[in-house]
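Heads up, the thing below is written out as structure tokens.
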Amino acid sequence: MLNKGLTEDDLFSFLSSKKQEDIDHSYILSSMCTLPHPVAIKAHDMFMETNLGDPGLFPGTAALERLLIERFGTLFHKKDAGGYATSGGTESNIQALRLAKALRHADAPNVIVPESAHFSFKKACDILCLEMRSVPLGSDKRMLAGKVAELIDKNTIAMVGVAGTTEYGIVDPIADLAKIACQHDIFLHVDAAFGGMVIPFLDKPIPFDFALPGVTTIAVDPHKMGMSTIPAGCLLTREPDILDALNIETPYLTVKKEYTLAGTRPGAPVAGALAVLDYFGSEGMKAVVTGCMKNTKRLIAGMGTFGIEPAATPDVNVATFVCDKVPAPWKVSWTRNGHLRIVCMPHVTSDRIEAFLSDFGDMHA
């Protein structure tokens with residue numbers, strides 16, 4: 001049962017106690033999310049009550065969603081790309097495979113993914129009753145594109161490549177996958193949930209997007225390197241109206257058909273994501289990414305002074321090491337192969353890198 005109600009002071013005293021139990025971001029080195037930028041928070045607050053699940057009631061918010069998709073479409077070399085704002089990479093990946101299944105009939109459908117694929121693809125395949133075929137990685141932790149064709153058969157409905165793997169920060173050979181997709185007329189989804197807001201701003205961008213003719217859909221998460229409020233993802237499609245293949249009737253809403261997975265969809269994170277993109281612009285985002293990559297290189301070099309070797313050479317700001325212990329209170333994570341994993345997000349500043357290296361050095365002294 002509910003209690004009889006709390007005073008505002010008692011309520012916020014309780015909430016404050018719970019907030020204090022959360023880990024200080026200054027010590028979080030394992031997350032692919034970061035502190036939202038102040039402009040994202042301000043924009044989010046302006047749209048707290050909006051619901052993109054019934055866009056006719058919130059036409060201004062719906063317009064912001066279209067602008068957000070246009071911004072990403074332009075960034076990914078397809079200004080007129082279709083798509084919508086999702087809750088993040090998991091939903092985007094599920095929807096991409098759902099779309100692939102809707103577009104191509106197969107008696108026993110299968111999808112081809114790299115061994116490094118995010119665990120959301122296992123969820124997607126379970127939900128959609130798809131066989132998941134995994135492609136091994138090379139010594140550089142990159143998907144072996146040469147092995148893909150061996151797994152394709154008449155029931156293959158989609159291939160997946162990752163642009164910025166969750167564990168090692170590697171970009172798969174998307175250009176090679178795109179060629180295979182064209183040759184076999186197969187749907188190619190690129191999971192760029194993390195790398196989609198890093199790769200375009202690198203000094204030497206790596207091909208992964210709609211500039212490659214075979215790419216069908218792309219997932220990107222503004223709540224990661226986009227510094228938006230949580231949850232904020234996007235699914236982009238090369239063909240503007242291809243998602244209509246997923247439409248179902250929604251008779252009591254202001255729109256009569258919807259292709260989204262979620263019904264109620266918050267507009268606030270969409271406003272936050274767009275606000276950050278428009279506030280920073282291309283040069284501002286490049287500066288953010290440049291800083292994160294510089295910190296990643298410094299971390300790798302610093303760990304090298306202790307004899308700790310990197311487990312892979314990353315393409316984006318994820319560093320992994322052959323190491324099994326770090327000092328408290330730092331919060332890191334470990335790959336499925338047991339490698340130490342650190343993500344140099346915007347909140348992981350150069351000062352935090354130096355503090356971590358200092359503590360690590362004291363531990364190994």
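Just to be sure, is Glu249 of a type in the set (Asp, Glu), under 21 Å from Pro55 (Cα atoms) and open to solvent by 30 Å² or more (accessible area, probe 1.4 Å)? Lay out the reasoning, then the answer.
On the way: of a type in the set (Asp, Glu): yes; under 21 Å from Pro55 (Cα atoms): yes; open to solvent by 30 Å² or more (accessible area, probe 1.4 Å): yes.
The answer is yes for Glu249.
Being among the β-branched types (Val, Ile, Thr) and in contact with an Asp or Glu (Cβ under 7 Å, 6 or more places away or on another chain) is the filter; apply it to the stretch 211-230 and report the residue that is nearest to Thr74 (Cα to Cα). Explain how you work it out, then say what you get.
So the first thing to find is which residues in the stretch 211-230 are among the β-branched types (Val, Ile, Thr), and the list is 215-218, 220, 229-230.
After this cut, where a residue has to be in contact with an Asp or Glu (Cβ under 7 Å, 6 or more places away or on another chain) as well, the list is 215, 218.
On the way: Val215: 15, Ile218: 13 Å.
Residue satisfying both the conditions and the ranking: Ile218.
Give all pairs with beta carbons closer than 9 Å in which a residue from the stretch 34-54 that is without any contact (Cβ under 8 Å) to a residue 12 or more places away in the chain meets a residue that is of a type outside the set (Lys, Arg) and crowded, with 19+ Cβ neighbours inside 10 Å; count only pairs at least 6 apart in sequence or on separate chains.
Glu49/Phe58; Glu49/Gly267; Glu49/Ala268
Quick check on the stretch 46-65. Is at least one of its residues modelled with pLDDT of 95 or more, under 20 Å from the mean Cα position of the chain (by Cα) and open to solvent by 50 Å² or more (accessible area, probe 1.4 Å)?
Scanning the stretch 46-65 turns up no residue that is modelled with pLDDT of 95 or more, under 20 Å from the mean Cα position of the chain (by Cα) and open to solvent by 50 Å² or more (accessible area, probe 1.4 Å).
If the Cβ limit is 7 Å and pairs must be 6+ apart or interchain, which residue in the stretch 311-331 that is more than 23 Å from Gly195 (Cα to Cα) pairs with which residue that is among the aliphatic types (A, V, I, L, M) and crowded, with 22+ Cβ neighbours inside 10 Å?
Listed pairs, sorted by first residue: Cys323/Leu340; Val326/Leu340; Trp330/Leu29.
Could you please find all residues in the stretch 185-229 being under 18 Å from Pro346 (Cβ atoms), assigned to a strand (DSSP E or B) and in contact with a Lys or Arg (Cβ under 8 Å, 6 or more places away or on another chain)?
Correct list: empty.
Residues that are at pLDDT 95 or above, open to solvent by 50 Å² or more (accessible area, probe 1.4 Å), farther than 17 Å from Gly56 by Cα and not aliphatic (A, V, I, L, M): does the stretch 253-268 have at least one?
Within the stretch 253-268, not a single residue is at pLDDT 95 or above, open to solvent by 50 Å² or more (accessible area, probe 1.4 Å), farther than 17 Å from Gly56 by Cα and not aliphatic (A, V, I, L, M).
Any residue at all in the stretch 231-241 that's among the polar types (S, T, N, Q), under 30 Å from His184 (Cα atoms) and open to solvent by less than 50 Å² (accessible area, probe 1.4 Å)? Let's see the steps before the verdict.
First, the residues of the stretch 231-241 that are among the polar types (S, T, N, Q): 237.
If we keep only those that are under 30 Å from His184 (Cα atoms) as well, we get 237.
Restricting the remaining residues to those that are open to solvent by less than 50 Å² (accessible area, probe 1.4 Å) gives 237.
Yes: the stretch 231-241 contains one or more residues that are among the polar types (S, T, N, Q), under 30 Å from His184 (Cα atoms) and open to solvent by less than 50 Å² (accessible area, probe 1.4 Å).
Out of all the residues in the stretch 215-226, which are within 24 Å of Ala100 (Cα to Cα), open to solvent by less than 10 Å² (accessible area, probe 1.4 Å) and not hydrophobic (A, V, I, L, M, F, W, C)? Lay out the reasoning, then the answer.
Restricting attention to the stretch 215-226, the residues satisfying the condition of being within 24 Å of Ala100 (Cα to Cα) are 215-222.
With the extra rule that they be open to solvent by less than 10 Å² (accessible area, probe 1.4 Å), the set shrinks to 215, 217-222.
Thr217, Asp221, Pro222, listed by residue number.
Please identify the pairs in which a residue from the stretch 118-140 that is without any contact (Cβ under 8 Å) to a residue 12 or more places away in the chain and surrounded by fewer than 13 Cβ atoms within 10 Å (Cβ to Cβ) has its Cβ atom under 9 Å from the Cβ atom of a residue that is polar (S, T, N, Q) and part of a helix (DSSP H, G or I), counting only partners at least 6 apart or on another chain.
Note: pairs meeting the criteria are Phe119/Thr90.
May I ask you to verify whether Val343 is within 30 Å of Ala181 (Cβ to Cβ), surrounded by 19 or more Cβ atoms within 10 Å (Cβ to Cβ) and within 20 Å of the chain's Cα centre (by Cα)?
Details: within 30 Å of Ala181 (Cβ to Cβ): yes; surrounded by 19 or more Cβ atoms within 10 Å (Cβ to Cβ): yes; within 20 Å of the chain's Cα centre (by Cα): yes.
When the stated conditions are applied, Val343 passes them.
Is it true that some residue in the stretch 191-203 is in contact with a Cys (Cβ under 8 Å, 6 or more places away or on another chain) and either open to solvent by 10 Å² or more (accessible area, probe 1.4 Å) or polar (S, T, N, Q) (or both)?
Taking every residue of the stretch 191-203 in turn, none turns out to be in contact with a Cys (Cβ under 8 Å, 6 or more places away or on another chain) and either open to solvent by 10 Å² or more (accessible area, probe 1.4 Å) or polar (S, T, N, Q) (or both).
Can you find a residue that is over 23 Å from the mean Cα position of the chain (by Cα), surrounded by fewer than 19 Cβ atoms within 10 Å (Cβ to Cβ) and among the hydroxyl-bearing types (Ser, Thr, Tyr) anywhere in the stretch 17-39?
yes
Which pairs turn up if I take residues in the stretch 55-75 that are among the basic types (Lys, Arg) and look for partners that are in a helix (DSSP H, G or I) with beta carbon separation below 6 Å, at least 6 apart in sequence or on another chain?
Pairs found: Arg71/Leu277.
Return the residues of the stretch 293-328 that are surrounded by 21 or more Cβ atoms within 10 Å (Cβ to Cβ) and closer than 23 Å to Gly226 by Cα; say none if nothing qualifies.
Matches in the stretch 293-328: Asn295, Thr296, Leu299, Pro314, Asp315, Val316, Asn317, Val318, Ala319, Thr320.
Based on what the data block shows, is Leu2 assigned to a loop (DSSP other than H, G, I, E, B), open to solvent by 90 Å² or more (accessible area, probe 1.4 Å) and closer than 23 Å to Val289 by Cβ?
Values: assigned to a loop (DSSP other than H, G, I, E, B): yes; open to solvent by 90 Å² or more (accessible area, probe 1.4 Å): yes; closer than 23 Å to Val289 by Cβ: no.
Spelling it out, it is not the case that Leu2 is assigned to a loop (DSSP other than H, G, I, E, B), open to solvent by 90 Å² or more (accessible area, probe 1.4 Å) and closer than 23 Å to Val289 by Cβ.
Out of curiosity, is Pro173 modelled with pLDDT of 95 or more and in contact with a Cys (Cβ under 7 Å, 6 or more places away or on another chain)?
On the way: modelled with pLDDT of 95 or more: yes; in contact with a Cys (Cβ under 7 Å, 6 or more places away or on another chain): no.
It is false that Pro173 is modelled with pLDDT of 95 or more and in contact with a Cys (Cβ under 7 Å, 6 or more places away or on another chain).
Given (1) touching a Ser or Thr at 6+ places or on another chain (Cβ under 9 Å); (2) surrounded by 15 or more Cβ atoms within 10 Å (Cβ to Cβ), where does Phe72 come up short, assuming only one miss?
(1)
The values are calculated or read from the model by the stated rules, or taken from the named source; none is laboratory data. Owing to the predicted nature of the structure, the values given are computational and were not obtained by experimental measurement. Methodologically, a virtual Cβ is constructed for each residue, glycine included, from the backbone with ideal geometry; neighbour enumeration extends over all protein chains shown. Calculation scope for accessible area: heavy atoms of the full protein, side chains included, ligands and nucleic acids excluded. Shrake-Rupley method; radii C 1.70, N 1.55, O 1.52, S 1.80 Å.
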